[in-house]
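Report on the following structure.
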Amino acid sequence: MAIAPLIVEIKGNSLDDGPGIRSVVFFKGCPLSCDWCHNPEGKELHVELAFDAGACVHAGACVKACEAGALDAGRVDRERCTRCMLCVEVCPSGALRTVGRQATLAEILRVAERYKPFYRTSGGGVTVSGGEPTLHMEFLGELLSALKALGVHTLLETCGQFSLESYLARVDPYVDQVYFDIKILDDEAHRRHCGSSNARTLANFRALHVRSVAGGTPVLARIALIPERTATAENLEAAARFLRDCGASRVALLDYNPLWHAKAVKLGGTPCFARSSWLTPEERARARAYFADFEVV
Ligand code: SF4
Ligand code: SF4
């Protein structure tokens, strides 16, 4: 049995991550490092310390507990922090929090068992998300196969940076639906903003889409509309062209969610741009126009 990886959380009653009512397992760790990441808590493979300055009551117990001298006056010195989490244990307000914990296969299956009646009546199931679930291919295969044995619908949300061979051998047989994120089509810009080339992602999408058309696991392309990154005229035009070339006729356009700022700051990050508002209806309409010949879901 594969070692259980870290997860951020198991979210219940989600209506946003696939059909029906779903439980969503957010895995920790991602091979990409998008500078706008909406789920910054899922980026790193290791446990992290989150600090919510707004919830700090300045009780001072954490400063005393910190043997590394990394805490001072409501501030975490990330260079010094050893992630021992002693401060979390003494924080009276919950301002300090550990991000990441190990969840066993048995725990996730227990959750699925409990929610099965809701999945059944709503057409829902379990979604694996992240971070990037396929970073833990062996565990993922075991988990999804166990969920299928329970009769639970499974959905994979992926950035597409994985070994296709490994995915097809270990995971694909147990996935009912794939939501596949397409980000920046220009390779140089993808390297700059996402930390690596997009070549593997695009090749994997093409391969999975071909299989999907031939009766394999259905794959839906998703594009998160990130101002200054994915939602530029050039990128949306290039994305539509790429999807058309792959034979795709459906796409999901996801709204920009400015709440990522606050999450990134709590982990000690500095947001790469300052847009703190949602997309306007005009911006959404402009983005959709590039996909006029697609079914936009
Ligand atoms: S692929 Fe997704 S989870 Fe990974 S860094 Fe990019 S936005 Fe974040
Ligand atoms: S996690 Fe440990 S080292 Fe880091 S601030 Fe808390 S007590 Fe200090």
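Evaluate the following for GLY29: is it on the phi > 0 side of the Ramachandran plot and more than 10 Å from ligand 1 (Cβ to nearest atom)?
Values: on the phi > 0 side of the Ramachandran plot: yes; more than 10 Å from ligand 1 (Cβ to nearest atom): no.
Spelling it out, it is not the case that GLY29 is on the phi > 0 side of the Ramachandran plot and more than 10 Å from ligand 1 (Cβ to nearest atom).
Somewhere in the range 207-228, is a residue of a type in the set (S, T, N, Q) and at pLDDT 95 or above? Let's see the steps before the verdict.
Keep residues of the range 207-228 that are of a type in the set (S, T, N, Q), which gives 212, 217.
After this cut, where a residue has to be at pLDDT 95 or above as well, the list is 212, 217.
Yes, that holds for at least one residue.
I'm trying to understand the selection: among the residues of the range 180-203, which are of a type in the set (A, V, I, L, M) and either at positive phi or not in a loop (DSSP other than H, G, I, E, B) (or both)? Write out each step before concluding.
To start, the set of residues in the range 180-203 that are of a type in the set (A, V, I, L, M) comprises 182, 184-185, 189, 199, 202-203.
Result: ALA189, ALA199, LEU202, ALA203.
Among the residues of the range 264-297, which ones are surrounded by fewer than 18 Cβ atoms within 10 Å (Cβ to Cβ), of a type in the set (D, E, K, R) and either at pLDDT 90 or above or more than 25 Å from SER33 (Cα to Cα) (or both)?
Those that are surrounded by fewer than 18 Cβ atoms within 10 Å (Cβ to Cβ), of a type in the set (D, E, K, R) and either at pLDDT 90 or above or more than 25 Å from SER33 (Cα to Cα) (or both): GLU282, GLU283, ARG284, ARG286, ARG288, ASP293, GLU295.
So ASP35 passes all but one of these: (1) charged (D, E, K, R); (2) at pLDDT below 95; (3) under 30 Å from VAL175 (Cα atoms); (4) away from ligand 1 (no atom under 16 Å from the Cβ). Which condition number does it fail?
Every condition holds for ASP35 apart from (4).
Looking only at the range 158-179, filter to residues that are touching an Asp or Glu at 6+ places or on another chain (Cβ under 9 Å) and either part of a strand (DSSP E or B) or outside the structural domain of GLY125 (by TED's automatic domain parsing) (or both); which one of those is nearest to ASP17 (Cα to Cα)?
TYR179
If I filter the range 160-168 for residues that are away from ligand 1 (no atom under 16 Å from the Cβ), in contact (Cβ under 8 Å) with a residue 24 or more places away in the chain and either within 21 Å of ASP255 (Cβ to Cβ) or not small (Gly, Ala, Ser) (or both), do I get at least one hit?
There is at least one residue in the range 160-168 that is away from ligand 1 (no atom under 16 Å from the Cβ), in contact (Cβ under 8 Å) with a residue 24 or more places away in the chain and either within 21 Å of ASP255 (Cβ to Cβ) or not small (Gly, Ala, Ser) (or both).
For the range 40-145, which strands (runs of 3 or more DSSP E) that fit wholly inside it have 1 or more residues that are at pLDDT 95 or above and among the charged types (D, E, K, R)? Can you show your working first?
Numbers: elements: 48-51, 96-99, 125-129.
Here the list reads 48-51, 96-99.
Looking at (1) over 25 Å from VAL128 (Cα atoms); (2) in contact with a strand residue (DSSP E or B) (Cβ under 7 Å, 6 or more places away or on another chain); (3) away from ligand 2 (no atom under 16 Å from the Cβ), which is the only condition GLY268 fails?
Going through the list (1) over 25 Å from VAL128 (Cα atoms); (2) in contact with a strand residue (DSSP E or B) (Cβ under 7 Å, 6 or more places away or on another chain); (3) away from ligand 2 (no atom under 16 Å from the Cβ), GLY268 breaks only (3).
Please work out if GLY69 is more than 16 Å from ligand 1 (Cβ to nearest atom), on the phi > 0 side of the Ramachandran plot and exposed (fewer than 13 other Cβ atoms within 10 Å of the Cβ). Let's see the steps before the verdict.
On the way: more than 16 Å from ligand 1 (Cβ to nearest atom): yes; on the phi > 0 side of the Ramachandran plot: yes; exposed (fewer than 13 other Cβ atoms within 10 Å of the Cβ): yes.
So GLY69 passes the test.
Of all residues in the range 1-30, which are assigned to a loop (DSSP other than H, G, I, E, B), surrounded by 18 or more Cβ atoms within 10 Å (Cβ to Cβ) and not basic (Lys, Arg)? Give the steps one after another, and end with the answer.
Here is the first cut: in the range 1-30, the residues assigned to a loop (DSSP other than H, G, I, E, B) are 1-5, 15-21, 28-30.
Subset that is surrounded by 18 or more Cβ atoms within 10 Å (Cβ to Cβ): 4-5, 17-18, 21, 28-30.
Answer for the range 1-30, where residues must be assigned to a loop (DSSP other than H, G, I, E, B), surrounded by 18 or more Cβ atoms within 10 Å (Cβ to Cβ) and not basic (Lys, Arg): ALA4, PRO5, ASP17, GLY18, ILE21, GLY29, CYS30.
The values are calculated or read from the model by the stated rules, or taken from the named source; none is laboratory data. The structure presented is a predicted model; accordingly, all values stated were derived computationally and were not measured. Heads up, the Cβs are rebuilt from the backbone with ideal geometry, glycines too, and the neighbour counts pull from every protein chain shown.
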